[in-house]
Amino acid sequence: MILGGTAEARALAAELTVRGLHVVSSLAGRVTNPRLPVGEVREGGFGGPEGLARYLADERIDALVDATHPFAARMTASAASAARATGVPLLVLRRPGWREGQDDRWLRVPSLEEAAARLPRPSRVFLTTGRRSLPVFTGLDGVWLLARSVDPPEPPVPDNAYVLLDRGPYTVAGERALIREHRLDVLVTKDSGGAMTTAKLVAARELGLPVIMVDRPPTPPGVLLVDSVADAAAWAQG
């Protein structure tokens, strides 16, 4: 079973299906109109690690791959707990994180709260940390937010924020134009990695914008971790 609706999860489902394995992909159901993988798809939560453990046992799952978003720490913790309880082998698949280049102006921080605290005042912020993070950045004096997300945040939207609904992949030219149109002077993002949303980092570098980069949460201890679909497919096939 593959947990997650990421591009890596979809690619892994496709590869394992080609290899003749039966694949069940589990999506949390938090994104409207998600891109679906090939094979069997299950949508919705499990009810915590105990519910996931019951599902693994009831469905006689042979192997579990956590290919969720790098910041889905709660789901990864549940997967690790359920795997320990059932003895089902677990692999975590995470795309590589982004690396700072020579001309980048990055500040790495451990949390969204620290990112909000380190914002310059006044500032016009390009916020790409997801709709659920918006409350962390509200009510900050002198801060205006262009908050981009796939789905709308829960109302009410704060007065200091404009929500832009959009889904990647993005282009450098498009990100550059967006930054200039809204006169943005700092980018706040998570270290999600991957090529789909890297254009904003290139545009920020070209325009000299500082970037506040939120580091990934740690992987649970003792969990096997790979960063490529090929390695995950080889592990799953045994």
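Derivation of every value follows stated rules applied to the coordinates shown; laboratory data play no part. In this text, all values refer to a predicted model and were calculated from it rather than measured experimentally. Cβ coordinates were reconstructed from backbone atoms using ideal geometry, including for glycine residues, and neighbour counts include every protein chain displayed.
In this rough spin-label picture, where each label sits 7 Å from Cα along the Cβ direction, the Ser228-Leu21 distance is 1.6 nm.
In the elastic network of the chain, a GNM with C-alpha springs shorter than 10 Å, the most mobile of Arg84, Arg95, Arg108 is Arg84. With coordinates expressed along the principal axes, the C-alpha atoms belonging to the range 106-214 extend over 31, 27, 26 Å, beginning with the largest. Full extension of the segment from Ser111 to Ala177, taken as 0.36 nm per residue of separation minus the current Cα-Cα distance, would add 20.9 nm. Each Lys or Arg adds one and each Asp or Glu takes one away; over the other residues whose Cβ falls under 9 Å from the Cβ of Ala233, this sums to -1.
Helix-only arithmetic for the chain: the sum of -39500 (n - 2.57) across DSSP H runs with n ≥ 4, divided by the residue total, places the mean residue ellipticity at 222 nm at -9000 deg cm²/dmol.
Rounded to whole Å, the principal axis extents of the Cα atoms in the range 1-101 read 45, 29, 27, largest first. What is the distance in Å between the Cα centres of the range 154-220 and the range 1-54? Between the Cα centres of the range 154-220 and the range 1-54 lies a distance of 27 Å. For the range 149-227, the set of GluC sites (Glu not before Pro) satisfying both a DSSP loop assignment and a count of at most 11 other C-beta atoms within 10 Å is empty. Each Lys or Arg adds one and each Asp or Glu subtracts one; over the other residues with Cβ under 15 Å from the Cβ of Arg60, this totals -2.
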